[in-house]
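So the structure is just underneath, and the comments pick up after that.
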Amino acid sequence: MSQEENAQDAVSQEELPVDWPEDIEYLRRPKISPAVPAVALKLLNTPTAATASFTRFSADALRFPNPDVRIVPLNDPQHPANGQFGLAANKHFYPGNFILPYIGVLHTNNAKDTDPDSEYDISVDRDLDLAQDAAKSGNEARFINDYRGIADRPNAEFRDIWVQTGERKWERWIGIFVVTPGKSAMRKNGITPGEEILVSYGKGFWKGKKEEWVPPPKKYT
Ligand SMILES: C[S@@+](CC[C@H](N)C(=O)[O-])C[C@H]1O[C@@H](n2cnc3c(N)ncnc32)[C@H](O)[C@@H]1O
């Protein structure tokens, strides 16, 4: 999408997912920061030999809100993100299944275009220096927690995807997929209904955070 298309198709209150926080804007497609150079956006959205094989989806096939997942207020003192939200499966997802896209604001990594306190920011393309932040606007994927302290291993992972948004228009987004079974076949069950969807944020995310553990800030009351 272009910067001009940022004018979102407004989402009415009835269309919001259950438990969606009122101070967060719900997005159906990434918003583009005005600081993203048009040339970087064009390069991002042009398939290359390295990126052409990413799984492709039609934007029309993506559902907002997504009925296959639900936002869960966490109120188990044993859960490390107790007092916050998580995201759970509403159906059985099998290994390799696509779950939903991760949607936020596509931005540059320039200091003025980046929120240093965001805990919802993920890299989109290191060479183009672009990332996507869902701190203030996004979709259900922003509620996916890291597996550490909750499960032995992640049951889902981030993967690049192509989304067709026009007859000849493709955009590079990020998707969340169920992990595929490893050599030990430990992940063969996929994600069962009611199970929390958990990814790995990577060790870098937690570096420095766990030295002095403090409970995560409450996101709901
Ligand atoms: C992308 S958000 C995940 C959604 C968040 N729980 C919410 O309610 O908005 C990342 C934040 O969730 C919390 N979190 C995620 N995974 C966690 C974990 N395994 N242990 C403790 N806190 C976690 C941390 O506060 C982290 O900064």
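Values in this text are rule-based calculations from the coordinates and carry no lab data. Please read all numbers here as calculations on a predicted model, not as lab measurements. Virtual Cβ from ideal backbone geometry, glycine too; neighbours counted across all protein chains shown.
Could you run the Karplus curve 6.51 cos²θ - 1.76 cosθ + 1.60 with θ = phi - 60° over the range 192-206 and give me ³J(HN,Hα) per residue in whole Hz, x for Gly and Pro?
The phi angles translate into 8, x, x, 6, 6, 7, 9, 10, 9, 6, x, 4, x, 4, 8 Hz.
Per the Kirkwood treatment, what hydrodynamic radius in Å, one decimal, follows for the range 4-206 from the mean inverse distance over all distinct Cα pairs?
Value: 17.7 Å, from the Cα pair sum.
Exceeding 31 Å between C-alpha atoms, which entries from my cross-link table qualify? They are Lys112/Lys169; Lys31/Lys91; Lys188/Lys218.
Lys188/Lys218
For the chain, build the charge dipole from Cβ charges (+1 Lys, Arg; -1 Asp, Glu) around the Cα centre, then report which of Gly138, Thr221, Val178 sits farthest towards its positive end.
So the residue we want is Val178.
Dipole of the chain (Lys/Arg Cβ +1, Asp/Glu Cβ -1, origin at the Cα centre): which of Gly190, Thr114, Asn66 lies farthest to the positive side?
The residue sitting most towards the positive pole is Gly190.
Using all Cα-Cα distances in the range 36-139, what percent lands in each 10 angstrom bin from 0 up to the longest?
Calculated P(r), rounded to whole percents: 11, 32, 37, 17, 3.
At 0.36 nm per residue, minus the direct Cα-Cα distance, what do Asn90 and Val18 gain on full extension? Give it in nm, one decimal, please.
In short, 24.6 nm is gained.
Restricting to bridges with both residues inside the chain, how much of the DSSP beta-bridge set is antiparallel, in percent to the nearest 5?
75
Can you give the calculated 222 nm mean residue ellipticity of the chain, where each DSSP H run of n ≥ 4 adds -39,500 (n - 2.57) and the sum is split over every residue, rounded to the nearest 500 deg cm²/dmol?
-1000 deg cm²/dmol
I'd like the Karplus ³J(HN,Hα) series for the range 66-71: coefficients 6.51, -1.76, 1.60, θ = phi - 60°, whole numbers in Hz, and an x wherever there's a Gly or Pro.
These are the phi-based 3J(HN,Hα) values: 8, x, 8, 9, 9, 6 Hz.
In a Gaussian network model over the chain where Cα atoms closer than 10 Å are linked, find which of Gly204, Gly166, Gly104 has the largest mean-square fluctuation.
Fluctuation is largest for Gly204.
Quick one: putting +1 on the C-beta of Lys and Arg, -1 on the C-beta of Asp and Glu, what dipole do you get for the range 4-206 around its Cα centre, in Debye to the nearest 20?
Approximately 940 debye in magnitude.
Output the peptides 81-87, 34-40, 106-112 sorted from most to least packed, where packing is the average of other Cβ atoms within 10 Å over each peptide's residues.
Result, highest mean first: 81-87, 106-112, 34-40.
Anyone know which of Arg126, Arg142, Arg29 comes out most mobile in the 10 Å Cα GNM of the chain?
Arg126
How would you rank Arg70, Arg28, going from fewest to most other Cβ atoms within 10 Å of each one's own Cβ?
The most exposed by this proxy come first: Arg28, Arg70.
Considering only Pro47, Gly86, Tyr26, whose Cα is most displaced toward the positive end of the charge dipole of the chain, charges sitting on Cβ of Lys, Arg (+1) and Asp, Glu (-1)?
Toward the positive end, the furthest listed residue is Pro47.
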